[in-house]
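The values are calculated or read from the model by the stated rules, or taken from the named source; none is laboratory data. Source: prediction; values computed, not measured. Virtual Cβ from ideal backbone geometry, glycine too; neighbours counted across all protein chains shown.
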Amino acid sequence: MPFSTVEMRMMVLFGVQTGQRSRPLLPCAMSTARPAPTSTAGNGFTFRAPWLGLLVIAVAALLAYHNSFGVPFVFDDELAIVSNPSLHHLWTACWPPAELGGLPISGRPVVNFSLGLSYAISGNAVWSYHVFNLLIHIAAGAVFFGVVRRTLLQPVLLARFGAHAFELALLVSLLWTLHPLQTESVTYVSQRAEALLGLFYLLTLWFFIRATEPEAPAKWAAGAFVACLLGMATKEVMISAPVFAALYDRAFVAGSWRMVWQRHRRLLGLLASTWILLALVVLHEGGARGASAGFGLGVSPWTYLLTQCEAIILYLKLSFWPDPLVLDYGIGLVHGVGEVWWQGLVLVALLAGTIWSLMRRPALGCLGAWFFLILAPSSSVLPLVGQTMAEHRMYLPLAAVVVLAGVSVYQFLGRKALVLMTVAVVVLGVMTERRNRDYASTISICEDTVTKRPDNARAMALLADYCRRAGRLEEARKWLERSLEVQPGVPPVLNNLGNVWQELGEPAKAAGYFQAALKLRPADANTRGNLGNALILSGQVAEGLAEMAEAVRMAPGAWELRFNLASALAQNGRLAEAAANFEQLLKARPNDAEVHTRYGDVLLGLDRKADAFFQLQEAVRVQPDQAEGHNRLGTALGRAGRLREALEQFEEALRLDPTHVSAGQNADRARRMLGKQ
């Protein structure tokens, strides 16, 4: 029975044998002296000039992400950036702090250093971080365009796609760059790790392609090595880059494994040598990742694999229909095959098809290999308990999906496909711009998350924290209570609910939640300190001070706990004990103006005036632009009868802050008293 046109095109695309002898793509065996890919557009200015394609990608990305530059830090950003002291100097930024384990920066020096560059530009102002992220994404899109264009112009594909290689490569790259699924890797700052990895992975492949061209200069091989090396220090997923380069070589360049070995073994060996750096980084920073990844964290490889069956099929669905998009999917797990049986069958079929294609139709097989190799480190059997599924993991794998979709549509529709793809580019760009609106505030993105994932207790707790910071205490209380309904007995959530009740003026209720949290996690010094404060406020002073002292004993290096204990002792008349704790604090924080000020007040109460003056003067020296420090020093001087010196301090306080009421009243009193003398 004769085949239809559609069937014939499918057979050509997927390499199905029709039983008829067809003309081979190449008239003879591939030559070892392969000509470099060239455009068919001719010489001189042309609308197919590569620089024009790069400009289109940059402008389109800017339009899609123009509303992302003011997006605040959210989720892991605060720990990875705001609370990351290593970013404050470029040298220390090369070494991510080990204590911040389980974050996107953990064990990833290149990512941490790039955030250090942003900090050097704008400190904790968000705009430079977003500009940097977008520039990385644009660069990755531009390199992806170069990779696709050169691949379509390779001899094995030139006959099919050469006529429209530029347009097809540009549209495929725009689909990838503007896809809403990429927003998590671009707009969510600390997921720069994914975009930076994508850039180095694509650069490695692009340099490799250039290095395999006839008579290619050594700079291309060097570029591939450097990009691969940087990628290994960016994220562990880079481990597959040398493997994929070999698969690409066999499929598009050398034509057989024998020719790969003969022609490019040195180049591939050079790329493989970068695994040494990855091993060193993992060994050096292994503890940093151990908090959220590994086989000893209570999740079996089988359970995690079942969960990834659900996750990967969801990723594929979102690749074609990117709605709804979710910032945080939580830590839910699949425990039985019956929950994901059909997803598992689809994945087994796709994996089997990839293996078959790599053997029989390697050009097609490379797309499947790209998808599975890049997803494997995070979406196979190694449990990542911090996030069991995450959209940012599709940053690079999405490239295989859009290439396959674009090439398939072009195979069926020819030039008409370019129009259809252009429409898709516009639609995806608009969707990305709208998705970025969800990130407008920390509360809006968390509300979006809990609306789409109503069983996500972690997202509810995070939303509650942002509501609390905004002064919306009743909303915070309700979200924390809902979080505990979904996932009872979570110590940090119980602790946060205690904090909210305390701010609502209910210290007795707060103490109950702190005690519940301590039953589950008795070694938590911060919660014990919170309990002590709540007990003091509810009238149980002795018990509260005892709890705060125990918290300091459990965590002697936690200066905030010691400061709270010292302040509480001072407020309750135990000045000698307070002074001893402030003395300890000054050893760790000699340039803390608040510590000097509080210590000075305590020393005044102990009638150690000379020591008190010294501490209050130190507070002014450390922070000379703080009006309250001058006012406090002036008050102490006035009580000692040193009125002229006191007046100077009050006047300096008013110069710094003309609205400072207490300083104004004290200055008037000092002038009257000086006038009587």
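When you look at Ile374, is it modelled with pLDDT of 95 or more, in a helix (DSSP H, G or I) and surrounded by fewer than 16 Cβ atoms within 10 Å (Cβ to Cβ), yes or no?
Against the criterion (modelled with pLDDT of 95 or more, in a helix (DSSP H, G or I) and surrounded by fewer than 16 Cβ atoms within 10 Å (Cβ to Cβ)), Ile374 does not qualify.
Check Arg437 against each of (1) within 30 Å of Phe166 (Cβ to Cβ); (2) surrounded by fewer than 16 Cβ atoms within 10 Å (Cβ to Cβ); (3) at pLDDT 95 or above; (4) of a type in the set (Lys, Arg) and name the one condition it does not meet.
In the conditions (1) within 30 Å of Phe166 (Cβ to Cβ); (2) surrounded by fewer than 16 Cβ atoms within 10 Å (Cβ to Cβ); (3) at pLDDT 95 or above; (4) of a type in the set (Lys, Arg), Arg437 misses (1) alone.
Give the residue that is surrounded by the fewest Cβ atoms within 10 Å (Cβ to Cβ), with candidates limited to residues of region 550-586 that are assigned to a helix (DSSP H, G or I) and among the basic types (Lys, Arg).
Residue satisfying both the conditions and the ranking: Arg553.
Every residue, every condition in (1) within 26 Å of Trp559 (Cα to Cα); (2) surrounded by fewer than 22 Cβ atoms within 10 Å (Cβ to Cβ); (3) of a type in the set (Phe, Trp, Tyr), yes or no:
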{"position": "Arg472", "(1), (2), (3)": "no, yes, no"}
{"position": "Lys478", "(1), (2), (3)": "no, yes, no"}
{"position": "Ser483", "(1), (2), (3)": "no, no, no"}
{"position": "Val486", "(1), (2), (3)": "no, yes, no"}
{"position": "Leu494", "(1), (2), (3)": "yes, no, no"}
{"position": "Gln515", "(1), (2), (3)": "yes, yes, no"}
{"position": "Leu518", "(1), (2), (3)": "yes, yes, no"}
{"position": "Arg521", "(1), (2), (3)": "yes, yes, no"}
{"position": "Arg528", "(1), (2), (3)": "yes, no, no"}
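Looking only at region 611-651, count every residue that is under 21 Å from Ala670 (Cα atoms) and either crowded, with 21+ Cβ neighbours inside 10 Å or of a type outside the set (D, E, K, R) (or both) and tell me the total.
Pass one, region 611-651, residues under 21 Å from Ala670 (Cα atoms): 612-613, 616-617, 620, 626-651.
When the remaining residues are screened for being either crowded, with 21+ Cβ neighbours inside 10 Å or of a type outside the set (D, E, K, R) (or both), the result is 612-613, 616-617, 620, 626-627, 629-638, 640-641, 643, 646-647, 649-650.
Qualifying residue count, region 611-651: 24.
Count, please, the residues in region 488-510 that happen to be in a helix (DSSP H, G or I) and either in contact with a strand residue (DSSP E or B) (Cβ under 6 Å, 6 or more places away or on another chain) or not aromatic (Phe, Trp, Tyr) (or both). Quick ask: steps written out before the conclusion?
Going residue by residue through region 488-510, those that are in a helix (DSSP H, G or I) are 491-503, 507-510.
Still in the list and also either in contact with a strand residue (DSSP E or B) (Cβ under 6 Å, 6 or more places away or on another chain) or not aromatic (Phe, Trp, Tyr) (or both): 491-500, 502-503, 507-510.
Total satisfying the criteria: 16.
Give the residue that is nearest to the chain's Cα centre (by Cα), with candidates limited to residues of region 64-105 that are among the hydrophobic types (A, V, I, L, M, F, W, C), surrounded by 14 or more Cβ atoms within 10 Å (Cβ to Cβ) and in a helix (DSSP H, G or I).
Residue satisfying both the conditions and the ranking: Ala80.
Matching residues to (1) charged (D, E, K, R); (2) at pLDDT 95 or above; (3) more than 15 Å from Leu175 (Cβ to Cβ):
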residue: Leu333; (1), (2), (3): no, no, yes
residue: Gln343; (1), (2), (3): no, yes, yes
residue: Leu351; (1), (2), (3): no, yes, yes
residue: Ala369; (1), (2), (3): no, yes, yes
residue: Val381; (1), (2), (3): no, no, yes
residue: Glu391; (1), (2), (3): yes, yes, yes
residue: Ala400; (1), (2), (3): no, yes, no
residue: Val425; (1), (2), (3): no, yes, no
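Checking the condition farther than 23 Å from Leu134 by Cβ and modelled with pLDDT under 90, which residue from Pro35, Pro104, Pro50 passes?
Pro35
Residues checked against (1) over 20 Å from Val602 (Cβ atoms); (2) over 48 Å from the mean Cα position of the chain (by Cα); (3) assigned to a helix (DSSP H, G or I); (4) hydrophobic (A, V, I, L, M, F, W, C):
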{"site": "Phe613", "(1), (2), (3), (4)": "no, no, yes, yes"}
{"site": "Ala636", "(1), (2), (3), (4)": "no, yes, yes, yes"}
{"site": "Gln649", "(1), (2), (3), (4)": "no, no, yes, no"}
{"site": "Ala653", "(1), (2), (3), (4)": "yes, no, yes, yes"}
{"site": "Ala663", "(1), (2), (3), (4)": "yes, no, yes, yes"}
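Quick check: anything in region 432-442 touching a Gly at 6+ places or on another chain (Cβ under 9 Å) and in contact (Cβ under 8 Å) with a residue 40 or more places away in the chain?
So far as region 432-442 goes, yes, one or more of its residues are touching a Gly at 6+ places or on another chain (Cβ under 9 Å) and in contact (Cβ under 8 Å) with a residue 40 or more places away in the chain.
Just to confirm my filter: which helices (runs of 4 or more DSSP H) fall fully inside region 134-249 and include at least 1 residues that are polar (S, T, N, Q) and in contact (Cβ under 8 Å) with a residue 40 or more places away in the chain?
Passing ranges, in order: 165-178, 183-186, 192-211.
Going by the structure shown, is Asp607 part of a loop (DSSP other than H, G, I, E, B), closer than 19 Å to Ala636 by Cβ and out of contact with any Pro (no Cβ under 9 Å at 6 or more places or on another chain)?
yes
Every residue in region 408-423 that is closer than 11 Å to Leu171 by Cβ and of a type in the set (A, V, I, L, M), please. Break it down stepwise before answering.
Of the residues in region 408-423, the ones closer than 11 Å to Leu171 by Cβ are 409-410, 417-423.
Once the filter is applied, which keeps residues that are closer than 11 Å to Leu171 by Cβ and of a type in the set (A, V, I, L, M), region 408-423 yields Val409, Ala417, Leu418, Val419, Leu420, Met421, Val423.
Sort out which residues of region 483-503 are more than 18 Å from Leu531 (Cα to Cα) and either acidic (Asp, Glu) or without any contact (Cβ under 8 Å) to a residue 24 or more places away in the chain (or both), and write them in order of number.
Glu485, Pro488
If you check Glu547, Glu506, which single one turns out to be free of Cβ contacts under 8 Å to residues at least 40 places away in the same chain, over 36 Å from the mean Cα position of the chain (by Cα) and closer than 27 Å to Arg472 by Cα?
Going through Glu547, Glu506 in turn, just one is free of Cβ contacts under 8 Å to residues at least 40 places away in the same chain, over 36 Å from the mean Cα position of the chain (by Cα) and closer than 27 Å to Arg472 by Cα: Glu506.
Is it the case that some residue within region 403-413 is farther than 30 Å from Leu531 by Cα and touching a Pro at 6+ places or on another chain (Cβ under 8 Å)? Explain how you work it out, then say what you get.
If we filter region 403-413 for residues that are farther than 30 Å from Leu531 by Cα, which is where we start, we get 403-413.
With the extra rule that they be touching a Pro at 6+ places or on another chain (Cβ under 8 Å), the set shrinks to none.
No, the conditions are met nowhere in region 403-413.
Just to be sure I understand the filter: pairs with C-beta atoms under 7 Å, separated by 6 or more residues or on different chains, first member in region 301-315 and under 13 Å from Phe371 (Cβ atoms) and touching a residue at least 60 places away in the same chain (Cβ under 8 Å), second member in a helix (DSSP H, G or I) and of a type in the set (Lys, Arg). Which pairs pass?
none
Test Ile121 against the criterion of being β-branched (Val, Ile, Thr), surrounded by fewer than 24 Cβ atoms within 10 Å (Cβ to Cβ), part of a helix (DSSP H, G or I) and without any contact (Cβ under 8 Å) to a residue 12 or more places away in the chain, and give yes or no. Step through it out loud before you land on a result.
Working: β-branched (Val, Ile, Thr): yes; surrounded by fewer than 24 Cβ atoms within 10 Å (Cβ to Cβ): yes; part of a helix (DSSP H, G or I): yes; without any contact (Cβ under 8 Å) to a residue 12 or more places away in the chain: yes.
Here the answer is yes, as Ile121 does meet what is asked.
Residues in region 197-211: is at least one within 20 Å of the chain's Cα centre (by Cα), buried (at least 24 other Cβ atoms within 10 Å of the Cβ) and small (Gly, Ala, Ser)?
Yes.
So which residues in region 590-607 are buried (at least 16 other Cβ atoms within 10 Å of the Cβ) and either under 22 Å from Gly641 (Cβ atoms) or not β-branched (Val, Ile, Thr) (or both)?
Result: Asp592, Ala593, Glu594, His596, Thr597, Arg598, Tyr599, Gly600, Asp601, Val602, Leu603, Leu604.
Could you tell me how many of the residues in region 318-357 are assigned to a helix (DSSP H, G or I), over 26 Å from Val74 (Cα atoms) and either aromatic (Phe, Trp, Tyr) or under 27 Å from the mean Cα position of the chain (by Cα) (or both)?
Within region 318-357, the subset assigned to a helix (DSSP H, G or I) is 318-320, 337-339, 341-357.
Cutting the leftovers down to over 26 Å from Val74 (Cα atoms) gives us 320, 337-339, 341-357.
Pick out the ones that are also either aromatic (Phe, Trp, Tyr) or under 27 Å from the mean Cα position of the chain (by Cα) (or both) and you get 320, 341-342, 356.
The qualifying residues number 4.
Is there a residue in region 385-408 that is touching a residue at least 24 places away in the same chain (Cβ under 8 Å), more than 24 Å from Ala193 (Cβ to Cβ) and part of a loop (DSSP other than H, G, I, E, B)?
Within region 385-408, none of the residues are touching a residue at least 24 places away in the same chain (Cβ under 8 Å), more than 24 Å from Ala193 (Cβ to Cβ) and part of a loop (DSSP other than H, G, I, E, B).
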